[in-house]
Each structure stands twice: as C-alpha cells, then as structure tokens.
Amino acid sequence: MKPLGLLLPLMAAAALLGPPSLVEAQAQRPAQVVDGSHRGYLAVRLLAGGEHEVINELNADRLFVPASVLKVVTVAAALEHLGAEYQWLTRLRSDAARSGTVLDGDLVIEPGADPTWSDDFFDGGAGQPLAALAHQVRALGLTRISGDLVVDANRFPGRPHPTDRSYGDLPYRHGTPPAALALDEATITVRVAPGRAIGEPARIRAPVGIEVINHTTTVGRDRHGAGSLDFLPVWGTNTLLLRGEYPISEEPFVVSASDPAPELRVARQLREALGEAGVTVGGVVRLRSQPVATEQFNTLAEHRSRPLGDVLEKILTRSHNWYADMLTLTPALEVGRSGRFEDGVDVISDFVTDLLPGEARAVASLWIRDGSGLSPSNLVAPTTIVRVLAHALEQPWGRTVIEALAGPGTGTLAAWPQMPPIAAKTGTLRHTVALAGILDPGSQTPVIFCYFVDHHPERPGVARSEIASAVGRWRDVAASR
C-alpha cells in the first residue's frame, strides 16, 4: 500500500467510547435479515477535539467469532510492547572451552522465533541467515565442534498452538504451528502424483531428510473427483504419513505441508552450512528441553532479523496465520518471560483489558486462544476492535498499522466487492465473515468500524456484499455531516 500523505490526528481511546451525551448520528439500518446469522457492528466517526459520532451500531458489545480480524489486535499488542523496529535475535552460544581451532563441547542454537527465514526476506534464500551464522563461527578461527549441535528447545516450551486447533488444519500451511526455529514458514513442499497403475501407492516426492510413510492407493477413473489424501506430520520426527485414495485420472499436485520437526530441520541445515564454511560438527543434532543455566555461555555468532514492521504486510494484507501466531510467541518470550504460546495470548488479552476504563474491566470484551483468529473459540466484541484501532491511531506506530492493512482490491480485499477508500482487515472462518478498519484513512475525520456476521449459512460472498453496502452507507452519512 502507498504511504499515507497525512497521519491521522491523535485521538484518546477513552474519548472514542466515552459518555453517551456525545453526538450520535444513526445511519439507516438495513432491513432485518432472517437467515439465522448473528450480527454485530459499530461505526464511529472521529471528530476534532477527541469527540466522536456513533454512525451505526448493532450488538456492539456482544461477543462474536472474529476470524482473522483478530490479527489487528495481535499486531497492535506486539507493536505496543515491542515497537515496529523490534528485531528477532538468533544466537549460537557455548560454555565449552576452546583448544586451538577446536571447540571442546556442544554448540547451542538459541532460537528467537524469527519468522523471516524464507525466500520472501532473503535474496539468497532461506538458508542465507544460516550461512551467515556459520561464517561468523569460522571467522573466530574454529574448524571443529567436538560435541553436538543442540537446539535450546526450553526457550519456547510447551504446546505451540491452542488445544482446539483442528487436526484438519495443523498439517497444512494455513494451520502450521509456530516454531522457535523455522525455515520457509515451517512448511515443506510435497509433490504427489497417482501411481502408474490402479492399486499402486501414489507417487510422493518430499524434501531430502523427510521420511514418507505412504499408505495411499491409486484408484480408478470412476473415483475421479471423489478421492482424498490426508497429510499427517508425525510431530517431533522427520516423518510424514500420507493416506487415502488418488484417482488415476487426476493430475499431480503440489502441497505445502507442515514441517513435522522445523527446529531439527534448521539445525541440520546449519550443520551443513558450518561444513561448507569449514567447520565440522563431531556429534549429533538434537533438541535440549531441560533448562540450563546460561550465565557462563559465550556468544559465538548472532543474526538479527529485519524489523517487525516489515512482517506486518504478511499478517494484515495477506492474512497469513503462521506469522500472526509467531507474533504471539514473541511477546510470550519478551513480555511474559516464559516463551509459552498461551502466555503470549495472555499478553494480547492484557493489552486489550488495559485499554478499558476501570469500571468496564469486569465485563468480558474478548476471549481468545491464539493470535491468528484460526481458532473458532475466539470471541471478541465489535467495540473492542474499534477501541484497539482508535488506540493505534494515536500511537507513533499507528501509520505502520494503516499501511499494512489491505486497501480496495488488494490482499484479501481482492475477493470483496468494490470498496471506497479503506484500510481494513478481513475475516473468514467457516460460518463467519468479518471486516474491520478505517474508512477514508487519509481524512481528518475518518470512520473506524467493525462488522461481524457469525453463523452465516450462505456463501461468504453474500455476507461480504452486505458488509460492503454498510460501509458505503456509513461513508455517505459521514460525508453529509
């Protein structure tokens, strides 16, 4: 998105949702929709002096499934605590003594949950930061590590995703769990084709180092369009299980499957990078899950990522779940000091709670399980999203958020009807369709809004048209004032 020419004036979040004595202008509500859906929305026009107009609202304080609109909250919480210039830090450390060119002990990888090790951020590919770390070790004069190459898994302990995440989501790119160390967004590319004859297994080609357990069967043309394959990572190993039917009449395809052991894959590739730099590792590659006192450890190499702000387009424009959940893992380490995913979720929740007036904190304004919105258990009120966006506009990092949101026809908004000037986040999850953002973001008096449609029985396009029509009406009302 092109940079905005003018950052919006600072507005206090407390004033945004202040006393009802402020001016209220109700837009004409659409005719009652009888389709079983639950709706909630709030549109607020910011005015000079910190006042506001409620242009339109319905069930604004009720809780709804937010889908990917929740990413707005995750990003705001991360920017509040870490800042747009935050950089993820990955280090190679050791407490071993050195004998000439030999390190007499283990070399430990201290992960930082850096999400940027992919082709999108490195011209030299995902392995570029590994090569840089390896060359730093060699520059110290070392040629051999006598011990193991160890990943400090205790830095981000516990389950890396909520317990209610569907097993139908976890094996695939849209539901890949976050990871302390990861290449290529913690996914692997798997190529699949039918067997050469009915009854044979499908033909599978996976990356080097991945063991495939192939329980697939090639079936006849009569099953065309009816076959299905399941990809099941065996977590913590280098194994991927495939099962199901593959009609012989169907074309080959490529899938981005979740890496079953992303930390170990990074460590193995680092070992190769060390070898190419002239440093051999005598031991094995392994994870260390037990806490170890690291006060006496020396840093041998380190890599700092690009700024956090450079990652936000992935989250807000493209709605990439993995990056949002990685952004949940980071405050778990930097703010919660535990590195546990659930504590990162708590940091996000506390951020929202702290925006509320004291007397309002007793009333639930959100209940969340992740940072991406993929969990169907997440619940958020439209008022909460509007409050978070209003708070963002008054922060130094507010421009960063606006520029990372999708505009008309860009990112996930490309699938929506034509929109007026807007910076917004979409949300689509099973029977939920949502949109939240800023209408006329370059205006001195923009409209902040959030619109949720839950339990929607029809195609998403129907709800998208409904929401787009509402946004158009709100703009007309705001323009008439």
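The values are calculated or read from the model by the stated rules, or taken from the named source; none is laboratory data. Computed from a predicted model, the values in this text were never measured in an experiment. All Cβ positions, even for glycine, are placed from backbone atoms using ideal geometry, and neighbour counts span all protein chains on display.
Key figures for this structure:
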| read-out | value |
| --- | --- |
| Number of positions in the range 373-411 that are in a loop (DSSP other than H, G, I, E, B), out of contact with any helix residue (DSSP H, G or I) (no Cβ under 8 Å at 6 or more places or on another chain) and surrounded by fewer than 20 Cβ atoms within 10 Å (Cβ to Cβ) | 6 |
| Flag if residue 445 is over 18 Å from residue 414 (Cβ atoms), of a type outside the set (A, V, I, L, M, F, W, C) and either modelled with pLDDT of 95 or more or under 23 Å from the mean Cα position of the chain (by Cα) (or both) | no |
| Single unsatisfied condition, residue 270 versus (1) assigned by TED's automatic domain parsing to the domain that holds residue 224; (2) not in a strand (DSSP E or B) | (1) |
| Residue under evaluation residue 472, criteria (1) surrounded by fewer than 22 Cβ atoms within 10 Å (Cβ to Cβ); (2) in contact with a Pro (Cβ under 8 Å, 6 or more places away or on another chain); (3) touching a residue at least 60 places away in the same chain (Cβ under 8 Å); (4) within 15 Å of residue 420 (Cβ to Cβ), criterion not met | (3) |
| Enumeration of residues in the range 90-131 that are in contact with a strand residue (DSSP E or B) (Cβ under 9 Å, 6 or more places away or on another chain), surrounded by fewer than 17 Cβ atoms within 10 Å (Cβ to Cβ) and touching a residue at least 60 places away in the same chain (Cβ under 8 Å) | 95 |
| Unmet requirement for residue 299, which otherwise passes all of (1) in the same structural domain as residue 123 (by TED's automatic domain parsing); (2) surrounded by 16 or more Cβ atoms within 10 Å (Cβ to Cβ); (3) among the β-branched types (Val, Ile, Thr) | (2) |
| Considering residues of the range 331-368 that are touching a His at 6+ places or on another chain (Cβ under 9 Å) and at pLDDT 95 or above only, the residue nearest to residue 395 (Cα to Cα) | 351 |
| Yes/no for residue 216 being surrounded by fewer than 22 Cβ atoms within 10 Å (Cβ to Cβ) and either in the same structural domain as residue 424 (by TED's automatic domain parsing) or touching a residue at least 12 places away in the same chain (Cβ under 8 Å) (or both) | no |
| Checklist (1) at negative phi; (2) in a loop (DSSP other than H, G, I, E, B); (3) in contact (Cβ under 8 Å) with a residue 60 or more places away in the chain; (4) not β-branched (Val, Ile, Thr) applied to residue 158, failing item | (1) |
| Residue that is out of contact with any helix residue (DSSP H, G or I) (no Cβ under 6 Å at 6 or more places or on another chain), buried (at least 19 other Cβ atoms within 10 Å of the Cβ), hydrophobic (A, V, I, L, M, F, W, C) and farther than 20 Å from residue 269 by Cβ, where the choices are 202, 193, 226 | 202 |
| Residues that are touching a strand residue (DSSP E or B) at 6+ places or on another chain (Cβ under 9 Å) and in a loop (DSSP other than H, G, I, E, B), drawn from the range 292-333 | 292, 294, 297, 305, 317, 318, 319 |
| Among the candidates 343, 370, 325, residue that is of a type outside the set (Val, Ile, Thr) and surrounded by fewer than 20 Cβ atoms within 10 Å (Cβ to Cβ) | 343 |
| Within the range 200-230, considering residues that are of a type in the set (D, E, K, R) and closer than 16 Å to residue 254 by Cβ, the one nearest to the chain's Cα centre (by Cα) | 205 |
| Tally of residues being under 13 Å from residue 432 (Cβ atoms) and either among the basic types (Lys, Arg) or assigned to a loop (DSSP other than H, G, I, E, B) (or both) across the range 460-481 | 1 |
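To keep it simple, each residue is scored yes or no on (1) outside the structural domain of residue 105 (by TED's automatic domain parsing); (2) in contact with a helix residue (DSSP H, G or I) (Cβ under 7 Å, 6 or more places away or on another chain); (3) surrounded by 20 or more Cβ atoms within 10 Å (Cβ to Cβ).
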{"position": "254", "(1), (2), (3)": "yes, no, no"}
{"position": "279", "(1), (2), (3)": "no, yes, yes"}
{"position": "294", "(1), (2), (3)": "no, no, no"}
{"position": "353", "(1), (2), (3)": "yes, no, no"}
{"position": "357", "(1), (2), (3)": "yes, yes, no"}
